[in-house]
Every structure is written in structure tokens, then in C-alpha cells.
1. Please give the contour-minus-distance gain from Val93 to Gln51: 0.36 nm per residue of separation, less the Cα-Cα distance, rounded to one decimal in nm.
2. Need the C-alpha centroid separation for the range 87-165 versus the range 183-233, integer Å.
3. Could you give the length gained on full extension between Leu29 and Gln72, defined as 0.36 nm per residue of separation minus the Cα-Cα distance, in nm?
4. Nearest 0.05, what FRET efficiency do Asn212 and Arg65 give at R0 = 22 Å with Cβ-Cβ as r?
5. Considering only protein heavy atoms, with the full assembly of protein chains and a 1.4 angstrom probe, order Glu83, Glu231 by accessible area, largest first.
6. What ³J(HN,Hα) values, in whole Hz, does the Karplus curve 6.51 cos²θ - 1.76 cosθ + 1.60 give for the range 194-208 when θ = phi - 60°, with x put for Gly and Pro?
7. From zero outward in steps of 5 Å, how is the percent of C-alpha pairs of the range 178-228 spread across the bins?
8. With each label point set 7 Å from Cα along the Cα-Cβ vector, what nm distance links Asn201 and Glu132?
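The values are calculated or read from the model by the stated rules, or taken from the named source; none is laboratory data. Everything numeric in this text was worked out from a predicted model, so none of it was measured. FYI the Cβ positions are ideal-geometry reconstructions off the backbone, even for glycines, and counts take in every protein chain you see. Accessible surface areas use protein heavy atoms only, side chains included; no ligands, DNA or RNA. Shrake-Rupley method; radii C 1.70, N 1.55, O 1.52, S 1.80 Å.
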Amino acid sequence: MSELIAEKGIIGMVLGGTVLGQLVLVSLLFLSVLSWAIILGKSRQLKRLDQNNQLFWSIFEPDLRMKEIGQQLSDLPSSPFREIFQRTYSEAVESTRRAKEKNIGKAMLPHITVRLQRITDRSILEQGALLESRLSSLATISSASPFIGLFGTVMGIIDSFQSIGTTGVTSLAAVAPGISEALIATAAGLLAAIPALMGYNHFRNRTRLLGNSMRDFGSELSNRLEWILHEQFAASRERQPQ
């Protein structure tokens, strides 16, 4: 069999194979190219997000007022933490304005707190969905590719045995070419599945860690805004005439 492969070469065996076998290999080639495109795209996306997140934390960590933080973040590139902060902070500002206009700030504080938590949770879910985009494609490729390759192998072996039944030749030399061509489909399926599986596991772990960080940040942001709103409403109430 090794002499056969050396004589014809893998490409020659593929070109000399059945139409069905060639279709299987073309499908696996397409899936492999697609998985590598997703892997490279996700790598660039996460690298860019890491840089943007570092810029965000360089601004958010110092003990600045929320308004000053929001003004500085407006010029920064997009990041999950920036989007969560801006949406939650904008809602806090608008809710505070409406409560002060109606002069019911202290009474509205529990409702504002619940609303801010909902906004934060929704933002976290949206950012998490963006981080996990196209990962399902990697999971599908890693699961389906071995079975597509196995299908091509089984059909190739069936074709080889049909040739034996037609010609009546049962020697290994007669069976080996068809089996060799069939096994190429299995190898191609594994070559498409393994990088997709490794990429999926890697990016899934990265997005899970980012998701945990976003949830921690969301809780910290909600608590900080709640404390600020409590102080503002308490101060405005003290200024009211008795």
C-alpha cells in the first residue's frame, strides 16, 4: 500500500477516485478553510478586545467620579466593559433626572436600582453573545467532519467490494487502491475536525473567563451607582425646606 501511495501520490489518488469521494473531500476542504477563517478571526477579535479592555481599566480603576469616567470612555474603542458601563451609567443619569423632576428621588431608589441591574444583566448577555458568535460553527465542524469523512470511507470500501464482485479478483493488490482512497476521507475528516475542536475549546474558555469578569464588573458597577444615587438623593432631601 505504501508503494501504491508513493507511486500515485495522495493527490493522484484523490483525482482518480470516485465522484462521491471527491465531493466528500471538497466538502471537508471547505469546512477546514471555514474553521481556520473563524479561528483567525476570533483570535484577532479577542486580541483587540484585550487591548481595549486594558484601556478601559486604566481609566475605571482610579478613584474618579462617574461623570469623569464616562467622558474619558467616550473616546475609547469599544469593549464589553465600556458598553456595559455606558448603558448602565446613561440609564442611571436619566432615571435620576426623572426622579428629581418629580421630587420623589428617595422613594424611587429601589425601583431605579432594580432597573439598573436589569440593564446591566441585559448588556452582559448581549456582550456575551457577541463574544460567542461563530463558536457554534466551530463546534458543528468538529462534530460533523469525522462523520463526513467516515461516510466517504464507507462508500469507498463498498465501491471496492463491488469491484471485487464484478471482476472476481480478490488479491490484496486489487483491493488496496480502493481502500487507500477511501481512508483518505477519514484522514481528511480528522484534519478538519481537530483544529476546529481545539479552537472551540480555547475560545470557549476565553469567553467564559470574560463572561465571569463582566458579571463581576456588573455587580461592582451596580453597587457603586446605587451608593452614589443614595448619597445624591439623601443630599437633595436635606436641602429641602423643613
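1. On the way: separation 42, 0.36 × 42 = 15.12 nm, distance 2.81 nm.
Value of the extension gain: 12.3 nm.
2. Cα centres, the range 87-165 to the range 183-233: 10 Å.
3. Working: separation 43, 0.36 × 43 = 15.48 nm, distance 4.69 nm.
Roughly 10.8 nm would be gained on extension.
4. Numbers: r = 27 Å, r/R0 = 1.25.
Efficiency at R0 = 22 Å is approximately 0.20.
5. On the way: Glu83 45, Glu231 90 Å².
Most to least solvent-accessible, the answer reads Glu231, Glu83.
6. 5, x, 5, 5, 5, x, 4, 4, 5, 5, 5, 5, 4, 5, 5
7. Result, from short to long distances: 5, 16, 11, 11, 9, 8, 8, 7, 6, 5, 4, 3, 2, 2, 1 percent.
8. 1.9
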